[in-house]
Amino acid sequence: MAELQEVQITEEKPLLPGQTPETHSVETPYGPITFTVYGTPKPKRPAILTYHDVGLNYKSCFQPLFQFADMQEIIQNFVRVHVDAPGMEEGAPVFPLGYQYPSLDQLADMIPCILQYLNFFTIIGVGVGAGAYVLSRYALTHPDTVEGLVLINIDPNAKGWMDWAAHKLTGLTSSIPEMILGHLFSQEELSGNSELIQKYRNIITHAPNLENIELYWNSYNNRRDLNFERGSDITLKCPVMLVVGDQAPHEDAVVECNSKLDPTQTSFLKMADSGGQPQLTQPGKLTEAFKYFLQGMGYMASSCMTRLSRSRTASLTSAASLDGNRSRSRTLSQSSESGPLPSGPPGHTMEVSC
């Protein structure tokens, strides 16, 4: 829990040359969308495009990760585009009564307008929760423009009747901020009421655009099933890294998603001691995993790895699936002295508990 208390998202670190942010807004068929660009495009390299979760914006969701010291090597090599969902950007006015907020599918359909405006051709998407769903939906409809995806806490399934009933009952006894906090963090984290939880409870509870946040929350809860199916045409065709904390609210959903994706293209990273938001609580380990992911795609081949190689346990597992369940036909374990983790070979999913 010490790492939770050390996170300070308000700390401003000096920007690297070329890292001055530029904020833009572009019209789309579903209304304007705001995004912030850091850096300049690199020849023959995709942009890193992020999409945040409900209750957050790009700063509160991703700032601890992209300000982390080891991340600087990555951000020097890629231009970044941080998308704020409509009405989530800082200073956003509250939408008028009766405003029809875009569905998550429509949010995905806004992304081509951003790329066209910037004249960018391909991206590596990094999404959390609702943002992970939006980027997955975009990748399904525009696979040629997505080189890779890092999906944290993705739940690709629509709510079933039991989920709806539970959600309605919770809504009778809990406020919108408390329901969103229960989506973002584990019950153990909320009970512990660490400095991080207090900070985000204050951010969401006192958000001036809370009405807008509720609209985004409703769109997330009305999402359609992505209908992933291993071996079918409805699947992510790019390299994917699935990330979830070992006690996160969405752990089961991410495990199920992993069982439905192409095992030759998918890495599954379950992080210990990270709670519901690994990008906030374990930015160092997530940065290291992101570097491995980029190396597997052919980028940053000379990058130096240090952190995950010191993790207590790691396993390289077969991703063969029988009736949707993951089987482990071959396991390679490494101790903390074993050196860097291997890249996942074709036909296998790398699962790391660190």
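The values are calculated or read from the model by the stated rules, or taken from the named source; none is laboratory data. Here the structure is a predicted model, which is why all the values come from computation and not from measurement. Glycine gets a Cβ as well: all are built from the backbone with ideal geometry, and neighbour counts include every protein chain shown. When the accessible area is computed, the model is the full protein with side chains, heavy atoms only, and any ligands, DNA or RNA have been set aside. Shrake-Rupley method; radii C 1.70, N 1.55, O 1.52, S 1.80 Å.
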Once you have a ≥ b ≥ c as the square roots of the Cα gyration tensor eigenvalues for region 22-300, tell me rounded if a/c is under 1.5, and otherwise prolate or oblate according to whether a/b is larger than b/c.
rounded
Only Cα pairs under 8 Å and at least 6 apart count here; give the relative contact order of region 22-300 as a rounded whole percent.
21 percent
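For residue 44 and residue 246, what is the calculated FRET efficiency with R₀ set at 41 Å and r taken between the beta-carbons, to the nearest 0.05?
Numbers: r = 37 Å, r/R0 = 0.91.
The value I calculate is 0.65.
Using a 1.4 angstrom probe with every protein chain in place, what is the largest-first accessible-area order of 255, 83?
Details: 255 35, 83 0 Å².
The residues order as 255, 83, largest area first.
Report the GluC sites (Glu not before Pro) located in region 199-230 that are in a DSSP loop and have at most 15 other Cβ atoms inside 10 Å of their Cβ, or state none. Mind dumping the intermediate values first?
Numbers: sites: 211, 214, 229; in loops: 229.
Answer in residue order: 229.
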Leaving out ligands, DNA and RNA but keeping every protein chain, what accessible area does residue 297 have, in Å² rounded to the nearest 10, with a 1.4 Å probe?
40 Å²
Highest mean first, how do 235-248, 25-38 rank when packing is the count of other Cβ atoms within 10 Å averaged over residues?
235-248, 25-38
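Report, in debye and to the nearest 20, how large the dipole of region 181-235 comes out about its Cα centre when Lys and Arg carry +1 and Asp and Glu carry -1 on their Cβ. Write out the running numbers ahead of the final one.
Working: 5 positive and 8 negative charges, 13 e Å.
The calculated dipole for region 181-235 is roughly 60 debye.
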